[in-house]
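Before any comments, here is the structure.
None of the figures in this text is laboratory data; all of them are computed from the coordinates on show. Quantities reported herein were computed from a predicted structural model and do not represent experimental measurements. Methodologically, a virtual Cβ is constructed for each residue, glycine included, from the backbone with ideal geometry; neighbour enumeration extends over all protein chains shown.
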Amino acid sequence: MKAIGQGGNGFVYELEEDGNRFAAKVLAPSRSNKEKIKRFKNEYLFCAQKRHENIIRVIDHGLTDNGDPFFVMPIFDGSIRDLIGSLSEDESYQLTKTLLDGLDAAHNFGAIHRDLKPENILYSDRLNNVAIADFGIAQFGEEELFTAVETKDGSRLANFQYAAPEQRNRGSNISKATDIYSLGLMIVEIFTGEIPFGKNHKTISSVSDKYSYLDEVVDKMLQQDSSERYQNVEEIKLDVSARANEYIASLKISQLKNTAIPSHEVDDEIINDPIRIVGVEWDNGNLHIQLNHQPPHQWQWALRNMGSFSSVMGKGPETFRFTNGVAINTAYDQGEAQRIIDSFKQWLPNVARIYEQKLRQDAENIEQEKIRDLQRKIAEEEEKKSINANLTF
């Protein structure tokens, strides 16, 4: 057994049994009194009976050989004090949501922590396992707290930098809003690395555009008058969720409005180098006209829809077939074959013009449809955002 931590009222030791590691919290006899013993017992009874993944769990409890109370809990890598300043914005948000869940559960179980601070939030496996700890042993009575603030004992004041205003006044009401104030301070520190004191403190928006909406949430959590704060954590969770959805909706609308629709300018190989005849061959009644490109289907459509034309009797555009860059038709003799070649050659400039017009019109139609589709999406998102913003329950 080795000591791994020390608090105001006791010590934490590392234990190992059957290859498994645990932590044991022991109430120091030199620091115990009836009130602290009562709080110690309340803590282990609460954590043993109230189970939630984000609240520390008591596995066992008892008395040491010297008669000092102790309880056993899972061992963690450390407190989130070790992580503050090294978390990404997404990790900070994940931790914020986890702490909201843990505090919400504690309040629903009937506990007001009264001493929330990074040192009392334990973690292991980065942020995959986070638990609120020290339900009682690290609490301070109102008289002790008032005296520490009143005497301006700097070394002890550090313990109270997360205390709500009402914890610094005699006889003030301690409520769920007290914990909410402390958590608000921690949320800002988790994102910015600094505890917000006074005006013009470092804001979440100054370090994260993505989660800037949390500043308004925290501002309400940190109201001087506890009645002006959220009165329960469920309200915070709902507000965070609503603001997150609104942010995502606004971001989506902004992205849609800034979507660049490609111009309908056409860059096409056959427009730049129109189809032309590069060779001919007659073979046993079949005329093969070799072209510089294999005509795409739009060019073949332009050939069949070029308007008026002259042709060899019965050998109009619709009678040609195309394969591997060759236009093929029947021709019974040299004279017919030559007339077909001459007609086909006459068609090419007109087909090239119709082909280019079609490509440009198709591209413009696609662009206009994209614009209409984008306008529909923006209208739908704006309507959805407006409806959601006005829904109440």
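Structure notes:
- The H on the amide N of Leu15, modeled in the peptide plane, is under 5 Å from the matching H of Phe22, Ala23, Ala24, each at least 5 residues off or on a different chain.
- Entry note, the chain: relative contact order of 11 percent, from Cα contacts under 8 Å with a spacing of 6+ residues.
- For segment 2-74: rounded, prolate or oblate by the Cα gyration tensor [a/c cutoff 1.5]: oblate
- Shape category assigned to segment 189-299 from the gyration tensor of Cα positions, a/c cut at 1.5: prolate
- When both segment 70-93 and segment 291-326 are represented by their alpha-carbon centers, they are found 74 Å apart.
- Taking amide H as placed 1.01 Å from N in the peptide plane, the amide H of His61 sits under 5 Å from that of Val72, each at least 5 places away or on another chain.
- Electrostatic tally near Ala48: other residues with Cβ closer than 13 Å to its Cβ, Lys and Arg +1, Asp and Glu -1, net +3.
- Given their separation in residues at 0.36 nm each and the Cα-Cα distance between them, Asn286 and Ile271 gain 2.5 nm when the chain is fully extended.
- Calculated [222 nm] ellipticity per residue, helices only, for the chain: -14500 deg cm²/dmol; basis is -39500 (n - 2.57) per DSSP H run with n ≥ 4, divided by all residues, nearest 500.
- Cα-based reach from Lys36 at 20 Å (exclusive), listing aspartates and glutamates while leaving out same-chain residues under 8 positions away: Asp60, Asp65, Asp68, Asp115, Glu119, Asp134, Glu142, Glu143, Glu144
- With the largest listed first and rounded to whole Å, the semi-axes of the equivalent ellipsoid of the chain from the Cα gyration tensor are 82, 25, 16.
- A Förster distance of 45 Å, applied to the separation of the beta-carbon atoms of Trp301 and Leu127, puts the FRET efficiency at 0.15.
- Compared with the alpha-carbon gap, the fully stretched path from Ala3 to Arg170 is longer by 56.5 nm at 0.36 nm per residue.
- Binning all Cα-Cα separations of segment 78-257 at 5 Å, short to long from zero, yields these whole-percent fractions: 1, 8, 16, 20, 21, 16, 9, 4, 2, 1, 1, 0.
- Looking at segment 31-80, the trypsin sites (Lys or Arg not before Pro) that sit in a DSSP loop and have at most 13 other Cβ atoms within 10 Å of their own Cβ are Arg51.
- Whole-Hz Karplus values for segment 74-86 come out as x, 8, 10, 6, x, 9, 5, 3, 5, 9, 4, x, 10 Hz, taken residue by residue from phi with 6.51 cos²θ - 1.76 cosθ + 1.60 and θ = phi - 60°; glycine and proline positions read x.
- With only the Cα atoms considered, segment 271-380 has a convex hull volume of 111 Å³ per residue.
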